[in-house]
Each structure stands twice: as structure tokens, then as C-alpha cells.
Amino acid sequence: MRSGHRLGRRFGWLWGAYGASALGTWLAFGSFELIAIRVLHAGPAEVAVLSSVGAAVGAAVAVPLGPWVEFRRKRPVLVTMDLVRFAALLTIPAAFALGALTFVQLLLVSVVVAAADITFRAASGAYLKTLVPAEHLLVAGARFESTAWTTTIIGPPLGGAAIGLLGPVATVVADGVSYLLSALGIRATGGHEPPPERREAARMRASDLLDGWRYILADRTLRPLFFNTAVFNGLVMAAQPLLAVLMLGRLGFTPWQYGLAFAAPSIGGLLGSRLARPLVTRFGQHRVLVGSGALRALWPLGLAFLGPGTGGLLLVMGVELGLIFCCGVFNPVYSTYRLERTANDRVARTLTAWAVTTKGSTALLTALWGVLGALLGPRTAIALAGVLLLATPLLLPRRAEAPAAGAEAAPAPGRV
């Protein structure tokens, strides 16, 4: 890193904490479903419930936490959410060792982890603005994005090897420990955190739960971006189970080929995140946001033409490489744009509303596309998702806007 882009010791600890928890998450990728299938002998319906309902209920549980987080110091909230996830996940190996593990426990833990995830993301966005000056938010976002894609590349293969040697419960332990390491890293950031805004009312009112959505919908640039990300993410994720059915079933790909088809292209995300800042410097934030957001919508339709054999595998890898590269550019620019457009006293509520809507729309569209896949066939349903994705660029912001009033970030931290 060049000295001009060093963001300080405190950011370094936050970045390291994120890397630890992200690696743990990818090490344990799919572990709940594997435990349900191999240990509890769950059927397809139960696995589907675990995959979608747990996240949806967790999102609903997180709704009142947005206003609660807004008026509290963010670092203790981050540490608490990490410890909650650590404790919840470790109940699974404990119950497994005692022979008492049940499907209901898996479902409850998935709800707790999903709610804590959303709360953590909301608090981390607000906390980041106290650590990083506004002009360096994109640099910080790109580093988080590159870390996310790096852990995506190395986590699943390592997790798969660990599952093969030790079983899926072992990766849940690794995931839990990663949250403990994250909590220790965030605790080590130290320093002074500005006090949060005071509440006007002593108690939370029911109307406060909708503050994040009201803020987003009232902003003419956040509003289209909000709908764009909810629809785009939902449609992309809705097609993934159908793609798995198509590849692992009718087309006869092996599990290792299926894993390779999605792990190898993640290098595109790493490359895209590294290019995000230079592209913004040259072409401007708004052009890169709209351009990369539009280009990422072009790729998924190619999956409808998937065939068997090496050609089919290369097609999936090419489509995923293009999609992930565009997302690698788009994501840090989009997250920076969103933080800049959000007033400091609204960040936690806004990010909570954003994450709840994204998770909810993903769960809804995944369920809907499951029905469409059964009625029309997986390939036709994948094609329909791809066609609808072509319209999502219409929801991107049409003009550049200045940062919102009261959305300034922290003063520049010391060099390291």
C-alpha cells in the first residue's frame, strides 16, 4: 500500500477483524445444510426451510435493532454481535457432542446469526465513518471487497477438506472462533468514538422501526439504488439453486466441478476491487457506478445456454468471471456512494433497512423461482431471471449527487 492510502492502525484492526470473520464464514459455507442432511437426515423441504426461512426470520428480528443501534456507540455493538454469533454457533458442536442436536436448534441458530449479521453490518458502516475520512472511504471499501473475494477463493476448498477429514461440525467451530477473533480485533481498535445522537423520545416507538425505509425512499438517489440492489441480488441468488439442480442433476457435473465453476471465477472479484479506485479517479464515481452496475446485469442470461461437458463448465466459469468482476468494481463504489449519501445520524437505521430488504427479497424470490423451476424447468426459470436482470440498470441513479448534509466522515487518522 502506498503511504498516501494508509488508513491508520485502528482501521487496520477493523480490516483484520473483517478478514478473520469472512474466512470463518467461507470455511463453514454450506455446513448447516450438510449437518441437516448427514447428521439429522433432513429431507429437501427441511433443507429449503433452513436455507430461506432462517435468513428471513433473522431479518425480521433485526428490524427493531436498527433504531436501537443508531443511538449507541458502535464499537461495543460490533463486539457484542460477534460474541453473540460465537456463542450461538458453539451450541451446535456442544449439542452434537452430547447427542442432543436437533433441526429446531439449527434453525434457531441460523435466525440468531442472521439477525446478528444484519445488526453488525449496520453498526460497522456507521463505525467506519468515524475511522476513515470521506475521501478514503472508497479505498477502505475496496480493501474490504478484495478481502471478501480472497476468502471466497480460499475458504470453500479449505472448508471442504476440513469437512472431509473432520465432518461439517468442525467448520462450524472454526466459524465461531473466527467471530471471537473478530471481536478481539475490534476491541483492539481502541481510540475515541464520537458519542451518538441523543434520542428525542425516551422510549422507542413503533414508527421508529420504519425510519430507515423512510430515509431511503425520500432520497432520490438512494431510492433507485435501493431497489436495484434488492432486485438484482434477489434474482441472482434465486437462480443459484436451479443452476445447482441443472448442473449436478441433468447435466451430470461432479461436485468438484460445480465447486470449481464458482470458486475459480472469484479471482475476478479480487481484480475488480483493485481497479475500483483507479476507475473512479479516471471516469468519476457516478459513471463507474452506473457502468459497472449495468454491465453486471448482462452476464447471468448466458447461464440459460449451459450444456454438458467441458464446454458447459467453461461457459459457467466465463459467465461467473464476468459477473463477479463487474460486482467487484461495483460493490465498493456502491457502498461508498451509499455512505456518502447517508447522514451520520441515520447510517445504522438505513443500513439495517437495506439489509433486511435485501435478505427478504432474496428469500421471497428464491422461493418463487423454486416454484417456477418446478413448473417451467430449471433452464427456463434461469433464463427468465436473466431476462429480468437486463432491466435492473433502469433502477440505477441517473445523475451524480453531492454527499448528503451531515454525512461527513472522520478526520484523517494517523499514519502507520
Of the candidates 39, 69, the one satisfying the condition of being closer than 27 Å to residue 133 by Cβ and either of a type in the set (Gly, Ala, Ser) or at pLDDT 80 or above (or both) is 69
Of the residues in segment 83-104, those that are buried (at least 16 other Cβ atoms within 10 Å of the Cβ) and either within 19 Å of residue 359 (Cβ to Cβ) or more than 20 Å from the chain's Cα centre (by Cα) (or both) come to 84, 85, 88, 89, 90, 91, 92, 93, 95, 96, 101, 103
Restricting segment 105-123 to residues that are at pLDDT below 90 and among the β-branched types (Val, Ile, Thr), the one nearest to residue 359 (Cα to Cα) turns out to be 118
Of those in segment 70-102 that are part of a helix (DSSP H, G or I) and in contact with an Asp or Glu (Cβ under 6 Å, 6 or more places away or on another chain), the residue nearest to residue 35 (Cα to Cα) is 89
Picked from segment 224-283 (must be of a type in the set (S, T, N, Q) and assigned to a helix (DSSP H, G or I)), the residue farthest from residue 382 (Cα to Cα) is 281
All-but-one check, residue 123 against (1) more than 16 Å from the chain's Cα centre (by Cα); (2) more than 15 Å from residue 25 (Cβ to Cβ); (3) among the small types (Gly, Ala, Ser), failing number (1)
Cβ pairs under 6 Å, 6+ apart or interchain, first in segment 218-247 and without any contact (Cβ under 8 Å) to a residue 60 or more places away in the chain and charged (D, E, K, R), second in a helix (DSSP H, G or I) and open to solvent by 50 Å² or more (accessible area, probe 1.4 Å), ordered by first then second residue, are 223/217
Note on residue 272: of the conditions (1) over 20 Å from the mean Cα position of the chain (by Cα); (2) of a type outside the set (Phe, Trp, Tyr); (3) open to solvent by less than 40 Å² (accessible area, probe 1.4 Å); (4) at pLDDT 90 or above, unmet is (1)
Being more than 25 Å from residue 147 (Cβ to Cβ) and outside any helix (DSSP H, G or I): is that true of residue 312 here?
no
Across (1) buried (at least 20 other Cβ atoms within 10 Å of the Cβ); (2) within 17 Å of residue 182 (Cα to Cα), residue 121 clears everything bar (1)
Restricted to segment 275-322 and to residues being surrounded by fewer than 18 Cβ atoms within 10 Å (Cβ to Cβ) and of a type in the set (Val, Ile, Thr), the residue farthest from residue 256 (Cα to Cα) is 281
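Any chance you could count how many residues in segment 231-261 are surrounded by fewer than 21 Cβ atoms within 10 Å (Cβ to Cβ) and under 22 Å from residue 334 (Cβ atoms)?
Qualifying residue count, segment 231-261: 4.
The values are calculated or read from the model by the stated rules, or taken from the named source; none is laboratory data. Note that the structure is a prediction, hence the values are computed from the model and not measured. Note that we place each Cβ from the backbone using ideal geometry, even for glycine, and neighbour counts take in every protein chain shown. Only protein heavy atoms, including side chains, enter the accessible area calculation; ligands, DNA and RNA are left aside. Shrake-Rupley method; radii C 1.70, N 1.55, O 1.52, S 1.80 Å.
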